[in-house]
Amino acid sequence: GRLEGDERTDEALLCTPATEPAAGFQLLSRFHAPTGPAAEIVTATPDGMTLAYTNAVTGGVEFVDITVPTRPRLLGSVDVSGEVTHPGKGDPTSVAITPNGKYAIVAVIDTEDPLADYPGALVFIDVATRTIAGKIDIGVGPDAVRVTPDGSKVLVAIEDEGATASPRPGSLQVVSIDYENPAASTLTTIPMTPDVGEHRADAQPEFIDVSADGTTAIVSLQENNAIAVIDLVTLTVTRYIDAGVATHDADLAEDGEISLSEPFAGRREPDAVCLLPGGRHFLTANEGDTSVVDGVYPGSRNFTLFDLDGTVVHDPGASFELLASRYGQYPDSRSAARGVEPEGCGAARFGQRDFAFVLGERNSSLTVLDVEEPTAPRVIQMLPAPFRPEGLVALPQRNLLVVAGEGDGGLGGGVWIYQAVSDPGAVGSLGPNVFRGYSESVPFGGISGGAWNGVEGQLVTTPDNVFERQRIWTFALDEASHRMNLVDELLLSTATGEPLTGYDPEGLSLNPEGGYVIATEGAARNGGSTSGACDGVPTQRNRLLFVTPEGRLDASVNETGIVDLPCAAQGDPNGIDWTALTGNGFEGVAVVDTLPDAPGGLKA
């Protein structure tokens with residue numbers, strides 16, 4: 001391991017460090033293969049030049065050249081779906097590359113019948129030729145794989161999660177690699193029989209990490225809400241750690257508002273577990289994967305730092321989801337479920353500084369932590385990540401970090417590459433002239449329409465129907481930090497003063513006469529009416545909302561401050577045939593003439 005501060009008596013710098021201390025990370029490039037943006041677990045060759053990731057959509061492992069990280073290039077893919085008892089039913093769950101770069105080792109689950117006793121396969125792919133070099137049968141329902149630092153063994157988490165009626169205990173399988181003939185590799189099974197946590201007869205190992213010296217492994221038992229510590233010399237379980245229950249505030253209602261103020265208790269139920277570079281502590285990503293029991297939720301919606309004895313040394317409480325709300329990345333639709341669902345994690349030393357990384361599955365985020373002092377980690381940044389991020393690999397030898405996202409329905413996933421930067425001003429940058437929104441206190445998200453107020457030097461925006469009540473936000477430009485700081489929230493009201501709710505704003509423009517014009521998107525046929533007579537639900541019509549600087553619908557325009565477009569079905573010769581509008585409608589608005597005496601009045 002590494003000497004801790006209290007173990008050093010003196011220090012002297014003998015040479016100039018090769019790299020400056022990293023201040024944080026910035027997005028460098030995005031990649032998805034022609035087969036689609038679905039990437040789950042990602043790993044890399046020792047030199048950091050080639051990536052391999054699992055793709056459940058294709059049933060294969062795809063290889064990507066990142067010699068030039070700004071221009072990732074697909075090298076090819078290897079189909080492993082036929083390597084199980086039922087060919088074509090194999091689903092790759094995880095991949096790891098040996099330290100000598102020779103093999104990419106893939107765990108493959110047989111999905112024919114999750115309740116059946118069908119073994120998984122451990123497939124060895126020759127990285128140089130991208131061909132299958134051999135395979136062995138392993139336990140039912142394999143999940144994570146991890147190769148020991150010396151390359152002699154590969155560890156496999158055998159989850160076996162299907163047989164809930166008659167559960168079979170999961171295990172950790174340790175495979176001794178035969179490099180000359182991978183099919184002759186041998187395995188030892190370490191049963192998981194926790195004496196702490198929940199569901200002790202159905203532990204379901206999920207994720208693995210291994211210490212730098214190769215002597216210790218930690219394994220998450222997610223549904224069991226525990227972590228197993230394994231001695232890899234004796235191949236025995238040293239201890240089971242109860243992950244425990246975290247209590248803090250959270251948003252527990254999907255109601256179109258974000259309010260982290262309700263008392264909350266959640267079993268941590270960690271998915272990924274990651275040892276910090278010092279080797280004495282580990283981080284858990286507390287996703288959750290069971291049900292609410294006696295008011296205690298599954299998953300604590302954050303991360304936790306433990307020491308290897310099982311003591312919690314840091315739990316951030318509600319601050320992790322609060323951070324998401326400040327960056328506009330809180331998923332309110334998941335409030336009643338498991339919130340942001342931290343799922344993946346990693347840790348590495350970049351430029352003489354220890355970092356840990358946490359992936360938020362439901363808000364597609366990458367959170368960067370300074371963990372030089374594990375009992376007091378410091379949040380550096382929260383960055384956007386590919387949709388539904390699953391895995392990451394740190395490449396400090398190249399100052400790179402790679403995140404894989406599985407996407408959803410063929411959208412939003414892929415592989416994103418980030419670069420460590422030493423300039424604090426570049427931290428969080430998403431590219432030239434790209435600025436990120438941030439708020440100190442007001443949750444925001446779902447920004448739909450915006451307009452630049454050149455006089456004030458501010459960006460005025462409105463969210464869509466992600467919020468129940470309509471509102472306008474004002475952001476001030478911070479050139480130095482590439483940030484747009486939320487400085488004002490204007491809640492909107494009707495012309496008579498009631499809260500304005502139920503609309504779907506999609507466009508906003510400044511009114512030179514004062515105030516704002518908002519285009520709100522309607523439903524098909526301008527409100528759902530099959531007749532197209534504009535007689536559907538009023539808030540579901542395509543409408544223009546005229547708003548005063550104080551946030552009320554402008555009664556000087558008309559009694560309500562709302563303008564509906566004319567309907568042909570009502571006999572207006574200039575009316576619109578709304579029956580032809582099979583989609584929704586308004587997406588933007590621009591004000592082109594607001595002079596009071598203009599012919600025909602105000603035009604938008």
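The values are calculated or read from the model by the stated rules, or taken from the named source; none is laboratory data. The model shown is predicted, which means the values in this text are computed figures rather than measured ones. Positions of Cβ are backbone-derived with ideal geometry, glycine not excepted, and every protein chain shown enters the neighbour counts. Ligands, DNA and RNA are stripped out before the accessible areas are found, and what is left, the full protein with its side chains, is counted by its heavy atoms. Shrake-Rupley method; radii C 1.70, N 1.55, O 1.52, S 1.80 Å.
Numbers below:
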{"item": "Residue order for 126, 195, 113 - accessible surface, 1.4 angstrom probe, largest first", "result": "195, 113, 126"}
{"item": "Neighbour cut-off at most 16 other Cβ (10 Å), DSSP loop, GluC sites (Glu not before Pro), region 135-218", "result": "180"}
{"item": "Label-point separation, residue 74 to residue 7 (7 Å along Cα→Cβ), nm", "result": "4.7"}
{"item": "Solvent-accessible ranking of 62, 373, largest area first, probe 1.4 Å", "result": "373, 62"}
{"item": "Hull volume in cubic angstrom per residue (convex hull over the Cα atoms of region 430-560)", "result": "124"}
{"item": "Spacing of the two label points (7 Å from each Cα toward its C-beta) at residue 426 and residue 559, in nm", "result": "6.2"}
{"item": "Exposure ranking of 489, 498, 321 by accessible area [1.4 Å probe, largest first]", "result": "498, 489, 321"}
{"item": "Test item: Cα-centred dipole of region 290-444, Lys/Arg +1 and Asp/Glu -1 on Cβ, debye", "result": "440"}
{"item": "Whole-percent carbon and sulfur share, accessible surface of the chain, 1.4 Å", "result": "50"}
{"item": "Taking the C-alpha atoms of the chain, convex hull volume expressed per residue in Å³", "result": "185"}
{"item": "Scattering curve values for region 438-499, log₁₀ I(q)/I(0), Debye with Cα scatterers, q = 0.14, 0.19, 0.26, 0.29 Å⁻¹", "result": "-0.42, -0.73, -1.17, -1.30"}
{"item": "Dipole axis of the chain (+1 Lys, Arg; -1 Asp, Glu on Cβ), positive-most option in 67, 237, 140", "result": "67"}
{"item": "Dipole in debye (nearest 20) - the chain, about Cα centre, beta carbon charges: Lys, Arg +1; Asp, Glu -1", "result": "1200"}
{"item": "Heavy atoms of residue 40: accessible area, 1.4 Å probe, square angstrom to 10", "result": "30"}
{"item": "Accessible solvent surface per residue of region 18-176, calculated while the other protein chains remain in place, 1.4 angstrom probe, Å²", "result": "38"}
{"item": "Farthest positive-ward along region 385-456 dipole, Cα basis, beta-carbon charges - from 420, 447, 433", "result": "420"}
{"item": "The chain - share of DSSP beta bridges that are antiparallel (%, nearest 5)", "result": "95"}
{"item": "Cα-centred dipole magnitude for region 190-285, charges only on beta-carbon of K, R (+1) and D, E (-1), debye, nearest 20", "result": "640"}
{"item": "C-alpha center-to-center spacing [region 200-231, region 237-283] in angstrom", "result": "16"}
{"item": "Dimensions (Å) - region 11-154, Cα atoms, principal axes, largest first", "result": "60, 36, 28"}
{"item": "Solvent-accessible area of residue 102 with every protein chain in place, 1.4 Å probe, in Å² to the nearest 10", "result": "80"}
{"item": "In the chain, lysine pairs with alpha-carbon atoms under 27 angstrom apart (chain gap of 8 or more, or interchain)", "result": "6"}
{"item": "Listed residue (105, 87, 116) projecting farthest to the positive dipole end of region 73-124, Cβ model", "result": "105"}
{"item": "Heavy-atom surface of region 232-367, accessible at 1.4 Å and reported per residue (Å²)", "result": "31"}
